[in-house]
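None of the figures in this text is laboratory data; all of them are computed from the coordinates on show. Computed from a predicted model, the values in this text were never measured in an experiment. Cβ: placed from backbone, ideal geometry, glycine included. Neighbour counts: every protein chain shown.
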Amino acid sequence: NAGVTQTPKFRVLKTGQSMTLLCAQDMNHEYMYWYRQDPGMGLRLIHYSVGEGTTAKGEVPDGYNVSRLKKQNFLLGLESAAPSQTSVYFCASSYPGTGATEAFFGQGTRLTVV
Amino acid sequence: RKEVEQDPGPFNVPEGATVAFNCTYSNSASQSFFWYRQDCRKEPKLLMSVYSSGNEDGRFTAQLNRASQYISLLIRDSKLSDSATYLCVVNTASGTYKYIFGTGTRLKVLA
């Protein structure tokens with residue numbers, strides 16, 4: 001029962017390098033999200049998607065791009081990494097509903113930009 | 001003012017103690033409420049949803065006070081394994097993307 005899977009789990013980048021984080025979910029969820037978590041800041045929404053082929057900006061989108069070509073996958077790209085992007089990144093997914101619908105999280109990606 | 005506010009703690013309590021956390025939210029249109037647990041360097045996991053009438057799951061009790069715009073989490077008979085950070089999460093419209101996270105309250109249960 002995989003749920004939400006993120007790859008890679010750890011990465012060190014040099015300033016200016018690019019990389020893509022992959023998130024995959026097997027729960028047929030419509031909504032997917034990318035968050036970053038920094039000490040004392042809580043989880044902040046970077047980008048989100050409400051369905052295949054759609055993406056939208058969250059609270060802190062600058063420096064990131066996303067794509068959702070397939071319903072089960074949500075990719076987060078860093079085109080030119082900066083030290084300020086050192087963080088723990090979490091992907092999450094949820095399904096639309098009228099009641100309390102929880103978000104399910106991946107295991108996280110620890111990114112260090114030097 | 002933050003949309004969701006929590007006391008960061010840490011709350012240091014002995015095993016067997018009862019401990020309570022509060023969380024306040026600013027948006028009166030908030031509709032869904034959750035407590036998540038996050039262990040060090042791990043992903044957040046749902047502890048329990050919070051319903052209007054309050055709800056209980058074993059040693060854990062959650063309450064919602066819409067008039068004062070806060071939710072609470074009560075943990076009875078604390079275990080060492082309860083040591084974690086507890087995140088308050090508010091959804092401003094049920095079933096949509098607007099999950100707002102508190103920064104978390106850290107709990108340490110001491111032997």
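Please go through the stretch B:79-111 and pick out each residue that is touching a residue at least 60 places away in the same chain (Cβ under 8 Å) and away from every other protein chain (no Cβ under 14 Å).
Those that are touching a residue at least 60 places away in the same chain (Cβ under 8 Å) and away from every other protein chain (no Cβ under 14 Å): B:K79, B:L80, B:L107, B:K108, B:V109, B:L110, B:A111.
Hey, A:Y48 hits all of (1) within 11 Å of chain B (Cβ to nearest Cβ); (2) part of a loop (DSSP other than H, G, I, E, B); (3) over 18 Å from B:K42 (Cβ atoms); (4) of a type outside the set (G, A, S) but one; which does it fall short on?
All conditions pass for A:Y48, except number (2).
Out of the stretch A:3-45, which residues are more than 16 Å from A:G63 (Cα to Cα), more than 13 Å from chain B (Cβ to nearest Cβ) and either touching a helix residue (DSSP H, G or I) at 6+ places or on another chain (Cβ under 8 Å) or among the hydrophobic types (A, V, I, L, M, F, W, C) (or both)?
Result: A:V12, A:L22, A:A24, A:M27.
Which of the following residues is under 23 Å from B:K42 (Cα atoms) and more than 14 Å from chain A (Cβ to nearest Cβ): B:R76, B:R59?
Of the residues listed, the single one that is under 23 Å from B:K42 (Cα atoms) and more than 14 Å from chain A (Cβ to nearest Cβ) is B:R59.
Tell me, please, whether a residue that is of a type in the set (V, I, T) and facing chain B (nearest Cβ under 8 Å) can be found in the stretch A:61-73.
No: the stretch A:61-73 contains no residue that is of a type in the set (V, I, T) and facing chain B (nearest Cβ under 8 Å).
Just checking, which of B:A67, B:A62, B:A29 is in contact (Cβ under 8 Å) with a residue 12 or more places away in the chain and not in a strand (DSSP E or B)?
Selected residue: B:A29, the only one of B:A67, B:A62, B:A29 that is in contact (Cβ under 8 Å) with a residue 12 or more places away in the chain and not in a strand (DSSP E or B).
How many of the residues making up the stretch A:80-114 are β-branched (V, I, T) and without any contact (Cβ under 8 Å) to a residue 24 or more places away in the chain?
2
Please specify each residue of the stretch B:2-25 satisfying the condition of being more than 14 Å from chain A (Cβ to nearest Cβ) and either closer than 21 Å to A:Y35 by Cβ or not in a strand (DSSP E or B) (or both).
Matches in the stretch B:2-25: B:E15, B:G16, B:A17, B:T18.
Consider A:G58 against the criteria (1) farther than 16 Å from A:A103 by Cβ; (2) touching a Phe, Trp or Tyr at 6+ places or on another chain (Cβ under 6 Å); (3) not basic (K, R): it satisfies all of them except one. Which criterion is unmet?
Unmet for A:G58, out of (1) farther than 16 Å from A:A103 by Cβ; (2) touching a Phe, Trp or Tyr at 6+ places or on another chain (Cβ under 6 Å); (3) not basic (K, R): (1).
Residues are listed down the side, and each one gets a yes or a no for (1) of a type in the set (S, T, N, Q); (2) without any contact (Cβ under 8 Å) to a residue 40 or more places away in the chain:
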{"position": "A:N28", "(1), (2)": "yes, no"}
{"position": "A:P39", "(1), (2)": "no, yes"}
{"position": "A:L43", "(1), (2)": "no, no"}
{"position": "A:Y48", "(1), (2)": "no, yes"}
{"position": "A:K71", "(1), (2)": "no, no"}
{"position": "A:F74", "(1), (2)": "no, no"}
{"position": "A:L78", "(1), (2)": "no, no"}
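Per-residue answers, yes or no, for (1) over 19 Å from B:G9 (Cα atoms); (2) among the hydroxyl-bearing types (S, T, Y); (3) part of a strand (DSSP E or B); (4) within 11 Å of the chain's Cα centre (by Cα):
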{"residue": "B:M48", "(1), (2), (3), (4)": "yes, no, yes, yes"}
{"residue": "B:S52", "(1), (2), (3), (4)": "yes, yes, no, no"}
{"residue": "B:Y86", "(1), (2), (3), (4)": "no, yes, yes, yes"}
{"residue": "B:Y97", "(1), (2), (3), (4)": "yes, yes, no, no"}
